[in-house]
Each structure stands twice: as structure tokens, then as C-alpha cells.
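All of the numbers you see were taken from the coordinates with simple rules; none came from a lab. In this text, all values refer to a predicted model and were calculated from it rather than measured experimentally. As a convention, Cβ positions derive from the backbone with ideal geometry for all residues, glycine included, and neighbour counts pool all protein chains shown.
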Ligand code: DX5
Ligand code: ZN
């Protein structure tokens, strides 16, 4: 499968976002990944629809909005209006949380049983607006949760770090999840997010993922084009 490279602007200089997305474009990146955090679903606050709309003005590349927020359904339209081409919602927002992460300030958020109708409703809302619907899963949530929604999505995003920050270490448990999805016959995009770099990406692609998301590996490099080319070479 061809590898799609998506760069997360979380590691960009937020004072020079236009230049950052132009750098992505010049370096051969396929997509811009926007990490949206609300300080509730994750312990960090980043950006929202206003900045997404600003980024939209400076690139023709597809924009993926990774919503790490409570009640993501309330913001689907806002991100699509801001120019997102793909909207990703976390399964952990659809279903009862584990006791250990139920209270405010307890992270990471994880579930065992998915509220399928609630999630499907939001996925269909994304698709009804002609955009790609992506379901995203935290490292601690069992991948089997996804079994009943696989035909409702354009992509699955597997978190290989607990969400909240760039620059964390890749968790190999993501590989088992990718393989499980492909074993179910899932043929659409599988994206991996967190700690993707020259060392970890080969195993990610070998396991069956085809969308590589990177923030720190790309933005901290001196050879941006080289990073993208190296990742894309992993595809076939
Ligand atoms: C983590 C974000 C990731 C993050 C990736 O919560 O969803 O997209 O920016 O950063 P790196 O590539 O540095 O692990
Ligand atoms: Zn992300």
C-alpha cells in the first residue's frame, strides 16, 4: 500500500503557522493533521476551529482534525466549516469510562464497551457532509470495541501514545491493533499517531498501517523532504 504522510502542526512554531504548512507542502507531505485538545479529554489545550480556518487559507492539502475533546459531536460542523476534510472522533467519548479515569483530571480516558449507536450517529453526520469519518482509539481501549463500526468509517486512527503531547515514546501495542484490524478484512486507511519516526515507522507499515502521522520527527528534522521521502519509501 502507498504510505500517506500527515504532519501534525502541534510541533510547529505557532507564531509562524502559515510558514509551517507551506514547509509541509514543499516537503511533499500529503496531509495536515490538526491536534485539537480541550484540557478535559486530555490534559492539554491547543487549538480550535478558528486556527484551523486560518491554516486552511494557507494550504491546499487535506486537513485532518483530530478531536481530543469531550462531546466531539458538538463541534463536527464547526471543524468542517473551518475547512477540515477528515474529522476524527475518539471512541472514548462514546461509552462509559473505566472507573479509574471517570473523574475530571484522570487520564488517559479509556472505555471497555462502546456506545455504538451514539458513535455511528456522529460518524454519519461527518459523512453526510461529504467528509471522511475517522474513529480514533487510545492505547488502553481494546481494539475489539471497533468491530461494529468498521463499515461506518473511512479510517481508523490508532494512538501509539496517550494523547495530549507531541514527542512521546511509541507504544508497540499499537502494532497488535493494526494487525487485528487487517485480520478483520478492514481495507480502508489505518493511521498511527504518536512517536512515529525512522526507527518505529517500518514496523508500523509492516503491520498494515498506511497513514503515518508525525509531529516532532518531521518538524525537528533538518531535512524535511528527506523525512517524508523516507516514510513514503516504506510503502509499496
Ligand atoms: C498526541 C497527538 C499527536 C502528536 C504526535 O496527542 O495526537 O498527533 O502531535 O506527535 P509526535 O509525532 O511528536 O509523537
Ligand atoms: Zn494527533
Considering every pair of different Cα atoms, what Kirkwood radius, in Å, is found for the range 82-236?
16.2 Å
What 222 nm value per residue comes from the helices of the chain, counting each DSSP H run with n ≥ 4 as -39,500 (n - 2.57) and dividing by all residues, nearest 500 deg cm²/dmol?
-8000 deg cm²/dmol
Take the Cβ-Cβ distance between residue 179 and residue 124 as r, set R0 to 41 Å, and report the resulting FRET efficiency rounded to the nearest 0.05.
0.90
Listing 25, 96 from the residue with the fewest other Cβ atoms within 10 Å to the one with the most, what is the order?
96, 25
Theoretical FRET efficiency, 1/(1+(r/R0)^6), r = Cβ-Cβ of residue 198 and residue 60, R0 35 Å, to 0.05:
0.80
Can you tell me what the convex hull of the Cα atoms of the range 1-149 projects to on average, as an area in nm²?
9.3 nm²
Of 88, 73, 105, which has the largest mean-square fluctuation in a 10 Å C-alpha GNM of the chain?
105
With Rg from the Cα atoms and Rh as the Kirkwood inverse mean 1/r over Cα pairs, the range 90-172 has an Rg/Rh of 0.98
Kindly work out what percent of the DSSP beta bridges joining two residues of the range 4-233 are antiparallel, to the nearest 5.
5 percent
Estimated FRET transfer efficiency (residue 150, residue 2; beta-carbon r; R0 25 Å; 0.05):
0.75
Gain on full stretching of the segment that runs from residue 98 to residue 16 - 0.36 nm per residue minus C-alpha separation:
25.6 nm
